[in-house]
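*Asks:* Handing you a structure now.
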Amino acid sequence: MKYKIAVLPGDGIGPDIVEEAKSVLNKIGEIYGHSFEYTEALVGGCAYDATGTPLPEDTVEVCKNSDAVLLGAVGGPKWDTLPGHLRPEKGLLEIRKALGLYANIRPAKLYDSLKEACPLKPELIEGGFDIYVVRELTGGIYFGERGRKQTENGEAAYDTELYSTMEVERITRKAFEVARKRGNLVTNVDKMNVLESSRLWREVVLRVAKEYSDVNLNHMLVDNAAMQLIRNPKQFDVVVTSNMFGDILSDEASMLTGSIGMLPSASLGKGKFGMYEPIHGSAPDIAGQDKANPLATILSIAMMLRLTFDLEDEANSIEEAVEKVLEEGYRTGDIYSEDTKLVGTKEMGRLVVENLK
Ligand code: IPM
Ligand code: MG
């Protein structure tokens with residue numbers, strides 16, 4: 001089979017990690033007889049530098065004409081003084097919106113060989129944990145009305161958390177469907193004791209839940225959820241939450257796995273189409289230095305193969321290769337500890353390729 005993939009390396013370490021992910025994909029193609037055709041396009045700060053906007057029209061077209069999108073990372077201090085609508089991050093938010101990718105799935109799983117890198121006490125992570133954060137991605141405070149105004153206390157600024165019933169319904173359904181294939185438990189996270197938007201959110205979750213009476217459901221306020229994640233991560237299966245709470249909780253969950261450099265993500269919409277990216281940022285301080293951990297991006301490729309292309313064996317092959325390389329003790333700087341072998345971005349990529357079956 002032939003698959004068309006839009007490749008958006010972005011800024012900072014984006015190009016470093018995307019390069020390794022592509023070599024993994026190429027090797028998978030060789031082994032299993034698929035061909036992957038890449039079309040590169042610009043997003044983020046590099047797009048702003050080249051075209052004056054963080055998301056050129058052409059990039060949206062390239063993505064729409066592809067079967068899936070592979071994205072690196074965007075942003076960097078170089079663009080920090082730009083107004084909000086020209087910032088690199090705006091390019092990322094707009095591409096998610098333009099492609100209708102409302103569901104962001106972020107699996108946080110503890111690899112046995114990375115137990116040492118988890119900051120929690122060993123007894124808290126005995127037997128590991130395997131959490132799926134299902135984050136709403138195209139609504140809420142990220143996209144609500146915002147602005148500035150003059151008040152008697154000086155300049156003021158506001159951002160609005162706004163959710164429609166439809167938006168909550170579809171992300172809730174996604175979470176329940178995912179949970180059915182996993183541990184059959186959904187934890188809804190909101191802040192309904194304070195926010196009206198959360199009260200609507202919770203009402204809708206409860207309503208939709210009636211269609212999924214075979215799946216267990218519980219609710220947590222977001223402050224408690226942040227605490228429970230480090231108190232007892234094993235209690236979670238699927239966590240469904242809003243755009244901003246999901247942004248924050250997924251970074252927290254990632255650290256439990258040892259490093260934010262380990263977490264892949266899939267952004268999905270209605271059909272099979274998806275955008276795949278690591279959850280970490282562009283780490284400009286180590287860009288181009290062969291130091292970044294490419295595993296989150298490589299694991300994102302596994303998610304692409306499984307979720308968009310239905311290539312389960314190929315996806316497993318990548319995940320098993322990553323596990324093997326970790327078991328053999330190879331580590332990039334972010335997950336390095338004494339008694340392990342420090343390698344760079346390229347060598348880590350090469351090791352994964354070498355272990356593909
Ligand atoms: C993420 C990132 C983005 C977000 C930024 C770069 C806009 O933090 O994907 O988690 O907040 O969604
Ligand atoms: Mg984030």
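*Asks:* Condition check: under 24 Å from SER250 (Cα atoms) and open to solvent by 60 Å² or more (accessible area, probe 1.4 Å). Does GLU136 satisfy that? So that I can check it myself, show each step before the final result.
*Replies:* On the way: under 24 Å from SER250 (Cα atoms): yes; open to solvent by 60 Å² or more (accessible area, probe 1.4 Å): no.
Spelling it out, it is not the case that GLU136 is under 24 Å from SER250 (Cα atoms) and open to solvent by 60 Å² or more (accessible area, probe 1.4 Å).
*Asks:* Taking the conditions exactly as written (away from ligand 2 (no atom under 16 Å from the Cβ), of a type in the set (Ser, Thr, Tyr), open to solvent by 10 Å² or more (accessible area, probe 1.4 Å) and at pLDDT 95 or above), does THR308 satisfy them or not?
*Replies:* yes
*Asks:* Another question, if that's okay. What are the residue pairs meeting all of these: first residue in the stretch 239-254, first residue touching a residue at least 40 places away in the same chain (Cβ under 8 Å) and open to solvent by less than 10 Å² (accessible area, probe 1.4 Å), second residue near ligand 1 (Cβ under 8 Å from one of its atoms) and aromatic (Phe, Trp, Tyr), Cβ atoms under 7 Å, and 6 or more apart or on different chains?
*Replies:* Taking only residues 6 or more apart or on different chains, the pairs are ASN243/TYR142.
*Asks:* So how many residues does the stretch 188-234 have that are out of contact with any helix residue (DSSP H, G or I) (no Cβ under 9 Å at 6 or more places or on another chain), assigned to a helix (DSSP H, G or I) and hydrophobic (A, V, I, L, M, F, W, C)?
*Replies:* 2
*Asks:* A follow-up question, please. Suppose we filter the stretch 335-354 for residues that are touching a Pro at 6+ places or on another chain (Cβ under 7 Å) and in a loop (DSSP other than H, G, I, E, B); how many remain?
*Replies:* Result for the stretch 335-354: 0.
*Asks:* Limited to the stretch 24-47, what total is found for residues that are part of a helix (DSSP H, G or I) and more than 23 Å from the chain's Cα centre (by Cα)?
*Replies:* 5
*Asks:* Now for a different question. Determine which member of the set VAL194, VAL204 is hydrophobic (A, V, I, L, M, F, W, C), open to solvent by less than 80 Å² (accessible area, probe 1.4 Å) and out of contact with any Phe, Trp or Tyr (no Cβ under 8 Å at 6 or more places or on another chain).
*Replies:* One residue alone meets the criteria, VAL204.
*Asks:* Working carefully through the options VAL69, VAL62, VAL74, find the one that is aliphatic (A, V, I, L, M), touching a helix residue (DSSP H, G or I) at 6+ places or on another chain (Cβ under 6 Å) and more than 16 Å from ligand 2 (Cβ to nearest atom).
*Replies:* From the options VAL69, VAL62, VAL74, the qualifying one is VAL69.
*Asks:* Okay, moving on. Test GLY12 against the criterion of being open to solvent by less than 10 Å² (accessible area, probe 1.4 Å), closer than 26 Å to GLY288 by Cα and modelled with pLDDT of 95 or more, and give yes or no. Don't jump to the end; show me each part of the working.
*Replies:* Numbers: open to solvent by less than 10 Å² (accessible area, probe 1.4 Å): no; closer than 26 Å to GLY288 by Cα: yes; modelled with pLDDT of 95 or more: yes.
No: the conditions fail for GLY12.
*Asks:* Given the conditions (1) assigned to a helix (DSSP H, G or I); (2) more than 16 Å from ligand 1 (Cβ to nearest atom), which single one is not true for PHE245?
*Replies:* Going through (1) assigned to a helix (DSSP H, G or I); (2) more than 16 Å from ligand 1 (Cβ to nearest atom) one by one, PHE245 breaks only (2).
*Asks:* Follow-up. Would you mind finding the one in THR160, THR138 that is modelled with pLDDT of 95 or more, among the polar types (S, T, N, Q) and within 15 Å of ligand 1 (Cβ to nearest atom)?
*Replies:* Exactly one of THR160, THR138 is modelled with pLDDT of 95 or more, among the polar types (S, T, N, Q) and within 15 Å of ligand 1 (Cβ to nearest atom), namely THR138.
*Asks:* With the requirement that a residue be under 24 Å from MET348 (Cα atoms), within 14 Å of the chain's Cα centre (by Cα), away from ligand 2 (no atom under 11 Å from the Cβ) and modelled with pLDDT of 95 or more, what does the stretch 254-293 give you?
*Replies:* Answer for the stretch 254-293, where residues must be under 24 Å from MET348 (Cα atoms), within 14 Å of the chain's Cα centre (by Cα), away from ligand 2 (no atom under 11 Å from the Cβ) and modelled with pLDDT of 95 or more: PRO264, ALA266, MET275, TYR276, SER282.
*Asks:* Determine if the stretch 220-237 includes at least one residue that is touching a Lys or Arg at 6+ places or on another chain (Cβ under 6 Å), in contact (Cβ under 8 Å) with a residue 12 or more places away in the chain, among the hydrophobic types (A, V, I, L, M, F, W, C) and open to solvent by less than 30 Å² (accessible area, probe 1.4 Å).
*Replies:* Yes: one or more hits.
*Asks:* So, in the stretch 272-291, exactly how many residues are away from ligand 1 (no atom under 16 Å from the Cβ), farther than 15 Å from ARG306 by Cβ and in a loop (DSSP other than H, G, I, E, B)?
*Replies:* The number of residues fulfilling the criteria is 4.
The values are calculated or read from the model by the stated rules, or taken from the named source; none is laboratory data. The model shown is predicted, which means the values in this text are computed figures rather than measured ones. Counting neighbours? That spans all protein chains shown, and the Cβs are built from the backbone with ideal geometry, glycine included. Surface accessibility is based on the protein's heavy atoms, side chains included, excluding ligands, DNA and RNA. Shrake-Rupley method; radii C 1.70, N 1.55, O 1.52, S 1.80 Å.
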